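Q: Attaching a single structure in structure tokens format; questions to follow.
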Amino acid sequence: MIEVKDLHKSFGKNKVLKGINCEIQPSEVVCVIGPSGSGKSTFLRCLNMLESITKGDVIVDGNHLNDPKVNINLVRTEVGMVFQQFNLFPHKKVIENLMLAPCKVRHLSTKEARNRAMKLLEKVGLADKADQYPQQLSGGQQQRVAIARALAMEPKMMLFDEPTSALDPELVGEVLEVMKQLAKEGMTMFVVTHEMGFAREVGDRVIFMDDGVIVEEGEPDQIFTNPQSDRTKEFLNKIL
Amino acid sequence: MAVEFNWLQVIDFLPELVTGLYYTLLISVVGLAIGFILGGVFGLGRIANNKVIKGISTVYVEIIRGTPVLVQAIWIYFALPLIIGFEIESIIAGIIVIALNSGAYIAEIVRGAVQSIDRGQAEAGRSLGLNHSQTMRYIIWPQAFKRMIPPLGNQFIISIKDTSLLSVILVPELIFQGRLIAANHFNAVEIYTTVAVFYLAITLTLSFILRVIERRLDIQ
């Protein structure tokens, strides 16, 4: 579903990604871990072109993202994204946050979009918050709305950029629960996270990144109990 | 020796003063309406990716901001006709001055407001498949517009007061009328005080309206 070939990304002279190769299969849940500054988030943001690609190739659902002829807006409709800071639209009610893109991009009628939005809010347990503004919700609730907003486009895959890092510890669980449910339903997921418990329990595969490259990848149990690389060992020792 | 003031005679000159008020308001409203459009266009031009658009917008803002309104008025009324070969009516010239002048400052207000919206907002819009202009229209503009209102109100008040400078290019606005009356009837205190009160009435009304708008928008 996603294929990454020799991906390089630089900001000016600063080389952030130094040749990444990776494949993600449909319905696979891939978790990316690694120290801050290792390029995890940049890697994720290259998958929907929020960052331009300096060199290499990213193929999403058959579209070569570095091909100027590719309509990136169309690709993005199939790739949902959840941000660390939620990025809900503060001037719109919760339900309007979910309805905007389906109405304007998928051209759903207001009624269809509303029905779809309500179903998704029920799914994330926030149907009663539909008419509130995002600021009136807790961080955990906001992030669940943000997940529902991405799902409202009915994407083929979802990218999560440290979705629980900005949350108070007691609110992390409710967001992970929604993500777990999503994984169970067969969604293809690419998750940059510091939640090792989640990576271990829900991930089909764990990627350890450091200094702009993939150092090690494998099944969660193998990465967490028997890491091969010294850098992985050192990182896991520090955080576990 | 104390001077006797005759405040009641102001009533006799009210028709002229109201005519002046009319032109002050006309030029303010039309000038600011055009200035608002100019400000929107050049404000977005200042943050455009296109270098030519960005360059033109920057030059416009810098020239207007860097020269006094009085010089702009005199230049447009007395100098520009010699270049283009026909005269410009003083009221039209006045509207052009207010429009061009406020446009440059409003452009900066627009630029500041749009740039103050968190990058994550645009990213969230784009990640949902909205294109650039949809993202601007549905996500960035509504939020930026709210932030623009206090500085816009400030600029409106400044521009209204700037119209008084247009008396030098013979626009028959408030202070122009006041000077005519005072020169002929030696009642400077009464007339100029009345003129000042008129200006204050306009700006205080505007302040009040803006406060109501700000309060309404804060409800959510």
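Q: (1) more than 12 Å from chain B (Cβ to nearest Cβ); (2) modelled with pLDDT under 95; (3) open to solvent by 10 Å² or more (accessible area, probe 1.4 Å): which one isn't true of A:Asn71, the others all being true?
A: Going through (1) more than 12 Å from chain B (Cβ to nearest Cβ); (2) modelled with pLDDT under 95; (3) open to solvent by 10 Å² or more (accessible area, probe 1.4 Å) one by one, A:Asn71 breaks only (1).
Q: Hey, another quick one. Being open to solvent by 20 Å² or more (accessible area, probe 1.4 Å) and more than 7 Å from chain B (Cβ to nearest Cβ) is the filter here; which residues of the range A:75-89 pass it?
A: Result: A:Glu78, A:Gln84, A:Phe86.
Q: Counting only residues that are touching a residue at least 24 places away in the same chain (Cβ under 8 Å) and within 22 Å of A:Ser138 (Cβ to Cβ), which one in the range A:182-206 is most open to solvent (accessible area, probe 1.4 Å)?
A: Checking each candidate, the answer is A:His194.
Q: Any chance the range B:151-158 includes a residue that's under 15 Å from the mean Cα position of the chain (by Cα), surrounded by fewer than 16 Cβ atoms within 10 Å (Cβ to Cβ), at pLDDT 95 or above and not polar (S, T, N, Q)?
A: Checked the range B:151-158: at least one residue is under 15 Å from the mean Cα position of the chain (by Cα), surrounded by fewer than 16 Cβ atoms within 10 Å (Cβ to Cβ), at pLDDT 95 or above and not polar (S, T, N, Q).
Q: Being of a type in the set (D, E, K, R) and away from chain B (no Cβ under 13 Å) is the filter; apply it to the range A:129-161 and report the residue that is surrounded by the fewest Cβ atoms within 10 Å (Cβ to Cβ).
A: If we take residues in the range A:129-161 being of a type in the set (D, E, K, R) and away from chain B (no Cβ under 13 Å), then A:Lys129 is surrounded by the fewest Cβ atoms within 10 Å (Cβ to Cβ).
Q: If only one of B:Val61, B:Val71, B:Val30 is under 12 Å from B:Ala107 (Cβ atoms) and among the aliphatic types (A, V, I, L, M), which one is it?
A: B:Val61 is the lone residue from the list that is under 12 Å from B:Ala107 (Cβ atoms) and among the aliphatic types (A, V, I, L, M).
Q: Same structure again: Out of the helices (runs of 4 or more DSSP H) lying entirely within the range B:88-204, which hold 1 or more residues that are within 14 Å of another protein chain (Cβ to nearest Cβ), in contact with a strand residue (DSSP E or B) (Cβ under 8 Å, 6 or more places away or on another chain) and not basic (Lys, Arg)?
A: B:119-127
Q: A further question follows. Considering only the range B:64-87, state which residues are closer than 27 Å to B:Gly153 by Cβ and either without any contact (Cβ under 8 Å) to a residue 12 or more places away in the chain or not in a helix (DSSP H, G or I) (or both).
A: B:Gly66, B:Thr67, B:Pro68, B:Val71, listed by residue number.
Q: A follow-up question, please. Scanning for something out of contact with any helix residue (DSSP H, G or I) (no Cβ under 6 Å at 6 or more places or on another chain) and crowded, with 20+ Cβ neighbours inside 10 Å, does the range A:103-113 turn up at least one residue?
A: No, the range A:103-113 contains no residue that is out of contact with any helix residue (DSSP H, G or I) (no Cβ under 6 Å at 6 or more places or on another chain) and crowded, with 20+ Cβ neighbours inside 10 Å.
Q: A further question on this structure: Hey, A:Ile95 hits all of (1) more than 12 Å from chain B (Cβ to nearest Cβ); (2) assigned to a loop (DSSP other than H, G, I, E, B); (3) within 25 Å of B:Ala144 (Cβ to Cβ) but one; which does it fall short on?
A: (2)
Q: Out of the residues in the range A:153-200 that are aromatic (Phe, Trp, Tyr) and not in a helix (DSSP H, G or I), which is nearest to A:Leu120 (Cα to Cα)?
A: A:Phe160
The values are calculated or read from the model by the stated rules, or taken from the named source; none is laboratory data. Remember, it's a predicted structure, so these values are computed and weren't measured experimentally. Neighbour counts are summed over all protein chains in view; Cβ atoms, including those assigned to glycine, are modelled from backbone coordinates with ideal geometry. Side chains are part of the model used for accessible areas, which takes the heavy atoms of the whole protein and leaves out ligands, DNA and RNA. Shrake-Rupley method; radii C 1.70, N 1.55, O 1.52, S 1.80 Å.
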